[in-house]
1. Given the criteria at pLDDT 95 or above, exposed (fewer than 14 other Cβ atoms within 10 Å of the Cβ), more than 30 Å from residue 311 (Cα to Cα) and over 39 Å from the mean Cα position of the chain (by Cα), does residue 361 qualify?
2. Being more than 43 Å from the chain's Cα centre (by Cα) and surrounded by 15 or more Cβ atoms within 10 Å (Cβ to Cβ) is the requirement here; does residue 471 meet it?
3. State all residues of region 125-142 that are under 15 Å from residue 167 (Cα atoms) and over 40 Å from the mean Cα position of the chain (by Cα); if no residue qualifies, say none.
4. Taking into account only those residues within region 837-846 that are touching a strand residue (DSSP E or B) at 6+ places or on another chain (Cβ under 9 Å) and loosely packed, with under 15 Cβ neighbours inside 10 Å, which is modelled with the lowest pLDDT?
5. Given the criteria over 27 Å from residue 385 (Cβ atoms) and part of a loop (DSSP other than H, G, I, E, B), does residue 446 qualify?
6. Could you tell me which residue of region 78-103 is modelled with the highest pLDDT, considering only residues that are surrounded by fewer than 16 Cβ atoms within 10 Å (Cβ to Cβ) and under 22 Å from residue 139 (Cβ atoms)?
7. Within region 611-622, is even one residue modelled with pLDDT of 85 or more, closer than 30 Å to residue 532 by Cβ, surrounded by 15 or more Cβ atoms within 10 Å (Cβ to Cβ) and in contact with a strand residue (DSSP E or B) (Cβ under 8 Å, 6 or more places away or on another chain)?
8. Can we say residue 503 is more than 45 Å from the chain's Cα centre (by Cα), touching a residue at least 24 places away in the same chain (Cβ under 8 Å) and within 20 Å of residue 591 (Cα to Cα)?
């Protein structure tokens, strides 16, 4: 019964036209006729409706279908999804047509602001209240609020600002100040008021001010004011504006205009202009609305006096419409200002019209046509003598016709015939033309399932010279290739293919090769091979192959039970079969190589791999021979040993790789011993067995032990470096270690590197150490920091000089102050960021430590920040409000004080 009632409610509320009303929960629904008006009464313990994405909750709702209003009887709430506002009050009225909400004794709240009003009206983009009280401190949970305002009349533009008339400032709910008009910004950070005052040697006193404003509920803007003392003129002005649906058929308008004084030494102003409009226009017969866009751009600020783009205004307009039979577009791109001195970097369309009929299909035949016409100005094509005589740019009309025709049919059984024609023709006002034609026909015959042969014939023609560079063709093409493709399966698990293309317009010396391919996939053999033969020269141009002999299942016997005789089939004895006769299931042999006519044989690579009883145990050896030269070019050994993948039952795994390159004498590899998947011992090397006499080492050799990468807590110890096989030792070894620990609220990272004695290194010394970490103790005290020490040496041993550098970047201590069990109301911080340098043990940066002490008083809806650098005698104070960055109140330094709006103080 209740489900049927809700379904009836959905039908009853469907008359909301532009806005959709859905019943989420209700107990009863009643239809009434009162004074000629149709009412739907919805009641229940918890009535919930959805008006588009907005949520309505009440105990009784009366929906007037005639006037299209929702009346929420008694205490109710309305949640606006778009603005993130909660409206609570008595007897709220929602007008669906105007998207308006009104009521008495209403409370409105969002993420930052709470408003109370005796009477409230809410319409899209605006909220009005009388007898209003508002504050940003309501969410903080303190009584009374730190500050609030009471006003006779309020107007709120969500996401922009709040305007209060005849307002009182309340501190702890005590009136302290009367304000005839109060404006409170609610906008995003990029629309916050900005005031910057400065002074430099060139411009003198500079003032930059950005003042946000709005017009109605759909237009947001910022007024820009600039002042440069030494420029002529000194004042610059501008505006940034964005408007949403300001008038019918316009969806969005953006304007960014700034006229700024030119740099010192020049007179006048430079202008930056960015103006754009987007909109839609409904058309009766169109599939969808016509959409259009317009942009006007000029960028002069920052350009030099001789910049060719100075004073140039670019205009772009585009409109698109779709009808049932075709789509059409109009494009206009132009520039105004000084004539271009060089080639244009964009194509000017003055204008361009595109008509694109919908594709036509009739059985196996389809056609698609597109026509583009317009007048263009663009860079000249260097290959067109007539265009280059007109200068770097040329202007002329152009008609472009494109079509694509296709026809597909089955002429007989297992055969396919496809014909296609694609054409692009461009015809210019200068008399020039270009043609791009592609005629293709393909006949395919299949038989016996996987066998097929196809014959493809093409006629390609590209010719003509465009006067423009943007649509110039790559060159003249006249080709008629005929391609034969054969793909067969001559035997089970064997594939064979042939492909050959011959161009009727090319001589025999210019023809390509025929390609033969062979594939075998029958255990134990897996083979792929290809060969390219030139039929005209009767030469073998290229051969490549890859073959593998392996069958891991050859040791398994598959038994087929005996089948007794039936009325239609004779008896069948039991059989036992194997997948192949490969005698070694754990062994695989592979080889790859090839031959080219130009260079001769390719390197031959042979690989033998053995797999143990467990698939994780593998051992392989591969060798590569160049064939054209005596001796092997490389030998590689790979192994992996593990009894199983279970790290508990099989605690130990070993893996490694080793490669020898006989031609260079380079031996490289790595080996890993892993315990329970957590710890590993590794070694890696890259050594020349015979190093050059001028070299001091044969390469690198390293050993390490530690945890496997990716562990939460990890450590690593590494020893190694350059190693000399001839002298039998490390030349400049290093010992390094890392430790990383992580706990809840705590982290520690330690790393150090030590030079140890070697053949060419006589000292043992610490050359690098780094310590970083964070620690939080409860909710009120935490520390963090990073320290880095490095040592470098200059000169020759033993007279070289050490340079030590210690960087604290930074060390920070934080302490939260406040009552126990409550959120801290203030934070005391100490920060130390400093570098210390020593040369040969003598400190180069004398002076005391320079800590910075900070205090932040956080009252949830406002914050006061103070910072003191006691050593350098620099003090700063700033205040911040919700949604805003800290606004500096003053800064005191040894050279004076800085206060906003006042450039300098003695």
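1. yes
2. Working: more than 43 Å from the chain's Cα centre (by Cα): no; surrounded by 15 or more Cβ atoms within 10 Å (Cβ to Cβ): yes.
No, not satisfied.
3. Across region 125-142, the qualifying residues are 128, 129, 130, 131, 132, 133, 134.
4. Let us first name the residues in region 837-846 that are touching a strand residue (DSSP E or B) at 6+ places or on another chain (Cβ under 9 Å), namely 837-841, 843-845.
Still in the list and also loosely packed, with under 15 Cβ neighbours inside 10 Å: 837, 839-841, 843-845.
Working: 837: 93, 839: 93, 840: 90, 841: 88, 843: 90, 844: 89, 845: 78.
The qualifying residue modelled with the lowest pLDDT is 845.
5. No; evaluated as a whole, the condition is false for this residue.
6. 86
7. yes
8. no
The values are calculated or read from the model by the stated rules, or taken from the named source; none is laboratory data. Keep in mind it's a predicted model, so treat the numbers as computed, not measured. Backbone-built Cβ (ideal geometry, glycine too); neighbour counts: all protein chains shown.
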